[in-house]
Amino acid sequence: TLTIDQRLRWLDEGAWEWRFPTTVAPRYLGTDGRVADAGRVSQDVTDGPLAARLTLALAVGDTLVAGAAPASPSHRLRAGDGGVLGFADDDGGAGGGARLDRDVVVRWPVAGSAVGLSVEASRAAAAARNAGSAYGLLTIVPPAPAAQGDPVARDLIVLLDTSGSMNGAPLDQARRVVSALVETLGERDQLEMIEFSSAPRRWKGAPVAASATHKREALDWLRRLQASGGTEMRAGILEALRPLRAESQRQIVLVTDGLIGFESEVIAAIDRELPASSRVHTVGVGSAVNRSLTMAAARAGRGVEVLTGTDEDAERAARAIVARTAAPLVVDLVVTGAAVVGHAPRALPDLFAGAPALIGLALRPQGGAVTVRGRTAAGEWSATLEAPACEAGAGRATPIKLYGRESVEDLEVRAAAGGAGAEIDRAIETLGLDFQLATRLTSWIAVAEEPAVDPGAPSKRVRMPHELPHGMSAEGLGLRSAAVAGGVAVPVAAAPAAAFGALRAGGRSRGLPGPMRVKGGAPVPPSPAGPLTRFFGKLLGAPDKKRGGGEPGEAAAPPARALRFSGRITLRKGTTMAVALDVGNELEWDPGAEVELVWADGRRARAKVLGGTRRGAVKSGQVIRIIVELDAAEAPPVEMIVTGASVEITVALTV
């Protein structure tokens, strides 16, 4: 059982939103070698439902607006005993529960908060690692519409992803969101639009005034866009980051599904090239948006992230982004004062007419002044309030956790932009321990009193496929090629995707079951124990006639069977190395006392076997573990040769 503490999203209409992901979409990885950990971000998918289903029991504790009820754009809901929400019975089909093919999204309207400036302070218990400071949640709420002055002028740059993964419903939804954005522009604003796939392409050569004529032309250009090609997002970002009018705020709105594997290139470009008065906002479109891009890009760009599914109301997403771009009331915020030790996020948000600004503070326990300054269309603005003194253990945990999480997110953006990995990791680990947070470097674990797995027995390693996100085009992702005959799409026999059974499809594609892994936009066959692996395994498992059957008096012949497997180096600690082997043939496993290791330069050496999977029968598709001791701590070998009584196994090693 896992307990997850999630932060809700505030919507401009005065509602909270909870979003829970259930699937991961394939990503465009560019050319081979561009993404160092391509194997880790490549995802197997199926084009049919998985057996696993999701059930929901959601209790909303907030006071709702009179006559309103929670609603979901992603699933049909029903109210059960005590008002607890669940999925409607017909969502899950015969198996019950909802499919794992989209984010679960639930929203509920609540009473509005007070207008003004407020701070809520808390302090951890005396025994906690972070008890030396107090922490606060600073809330800056925009004034009532009647009291608002003129907003700061803006230059709006729409950066629209038209790569292959946006084909179909995602691009249609993106068009609707961008069209709504364009309609919000006033005569003081300027508009630019750039589409990108394999390269960026501008709507016009320069920014234009947001006149009625130009807005009509922009909408017509949007309607003609088609999705195809790769996702070279960094080039589009650099094209959008240009000098701006001194009196305006340049606002770049990136509309994308985020399905790339080289997020660091994009985030680093934003982090390094962002002008002081520019902002980058992101609109994530699709059923499984890559939030490691959209969230980090918005944070690095001092903007906001808005997500919308292909079946959701595009007007709602447009209103959410408009609320945070259309009327910047106070920009370039600075927080100082006698009580303030620090703040998170590091780059403070702006205050817009339709959205409060929420800032985590580190405070001195004795309290003191908190002063907020910024710039409006009329000139400088400032306000001051007093943070109360805080004893150990006082207040709710929320402000403390908020500051810790926001500080971790700041570090993750630095890491995503290519910052010093070891230094950032140490800082994240410290924050995770100090604030008791689950982070990339700190986790809660469960310790069993008895071992649940026999370490001496072979194990089974399964690569779990995900469902293709709802509304996403398999053809647009390169998972399936199709020709149109009589208006009906049929597989192209020569296409690699069709030849290997690109999507699971219950084994219907060319008679070969099993998911298809997508790497760099091109499909590769299943691994390690699919039908093709077993077929080639039989060939590899045949006796090696060239090496056996020597004459009397010659050196002993090698084993009758010579097999070749793949393996992963799972541990390197000093001179000890652990390897996991993916088995493609049934065999009698007996590693003996030593194995032979081969390095990239051709050098060979013997290594002592320390342990691992015990001797015995091993079936195809299982995983064998072996632990060996090297003579010295050095670069990892590229091959391991295990010679038993009846079989010689050559293992190609990867890290």
Scoring only Lys, Arg, Asp and Glu (+1, +1, -1, -1) among other residues with Cβ under 12 Å from the Cβ of residue 455 yields +1
Surrounding charge for residue 655, neighbours by C-beta under 10 angstrom, Lys/Arg +1, Asp/Glu -1, total +2
For residue 215, counting only aspartates and glutamates whose alpha-carbon sits under 20 Å away and dropping same-chain residues fewer than eight positions off, the answer is 155, 161, 172, 183, 187, 189, 192, 195, 315
Two pseudo-spin positions, 7 Å from Cα along C-beta at residue 464 and at residue 53, lie apart in nanometres by 1.8 nm
Label model pair residue 212, residue 13: point-to-point distance (7 angstrom along the Cα→beta-carbon line) in nm is 2.9 nm
With a 1.4 angstrom probe the carbon and sulfur portion of accessible area for the range 147-270, in percent, totals 48 percent
At the level of C-alpha centres, the distance separating the range 364-432 and the range 632-650, in angstrom, is 52 Å
Rounded to 0.05, the calculated FRET efficiency for the beta carbons of residue 590 and residue 570 at R₀ = 30 Å is 0.90
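With Cβ to Cβ distances under 9 Å as the rule, what net charge do the other residues near residue 203 carry (K, R +1; D, E -1)?
0
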In terms of the alpha carbon gyration tensor, root eigenvalues a ≥ b ≥ c, rounded if a/c is under 1.5 and otherwise prolate when a/b exceeds b/c or oblate, the range 410-483 is oblate
Stretched fully, the stretch from residue 373 through residue 31 gains (0.36 nm per residue minus C-alpha distance, one decimal, in nm) 118.4 nm
For the range 210-302, whose charge dipole is built from +1 on Lys and Arg Cβ atoms and -1 on Asp and Glu Cβ atoms, the candidate among 253, 290, 228 with its Cα farthest towards the positive end is 253
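Want the number for residue 599 to residue 127: 0.36 nm per residue separation, take away the alpha-carbon distance, what's left? Mind showing how you got there, number by number?
Details: separation 472, 0.36 × 472 = 169.92 nm, distance 5.15 nm.
Difference between extended and current length: 164.8 nm.
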The extension gain from residue 198 to residue 88, computed as 0.36 nm times the residue separation minus the Cα-Cα distance, is 35.4 nm
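What trypsin sites (Lys or Arg not before Pro) in the range 291-394 are in a loop by DSSP, with at most 16 other Cβ atoms within 10 Å of the Cβ?
Details: sites: 291, 299, 302, 316, 319, 324, 346, 373, 375; in loops: 302, 324, 346.
The qualifying sites are 346.
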Once all protein chains are kept in place, residue 72 shows an accessible area at probe 1.4 Å, nearest 10 Å², of 30 Å²
Per residue, accessible area of the range 286-330 with a 1.4 Å probe, heavy atoms of protein chains only, in Å², comes to 27 Å²
Fraction of alpha-carbon pairs in the range 197-241 farther than 18 Å apart, rounded to whole percent, equals 41 percent
The set of residues whose placed amide H lies less than 5 Å from the amide H of residue 564, leaving out same-chain residues fewer than 5 positions away, is 650
At the level of C-alpha centres, the distance separating the range 116-131 and the range 9-43, in angstrom, is 33 Å
Quick calc, residue 422 & residue 633: beta-carbon distance into FRET formula, R0 25 Å, rounding 0.05, result 0.85
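The values are calculated or read from the model by the stated rules, or taken from the named source; none is laboratory data. Everything quoted here is computed from the prediction, not taken from an experiment. Virtual Cβ from ideal backbone geometry, glycine too; neighbours counted across all protein chains shown. When the accessible area is computed, the model is the full protein with side chains, heavy atoms only, and any ligands, DNA or RNA have been set aside. Shrake-Rupley method; radii C 1.70, N 1.55, O 1.52, S 1.80 Å.
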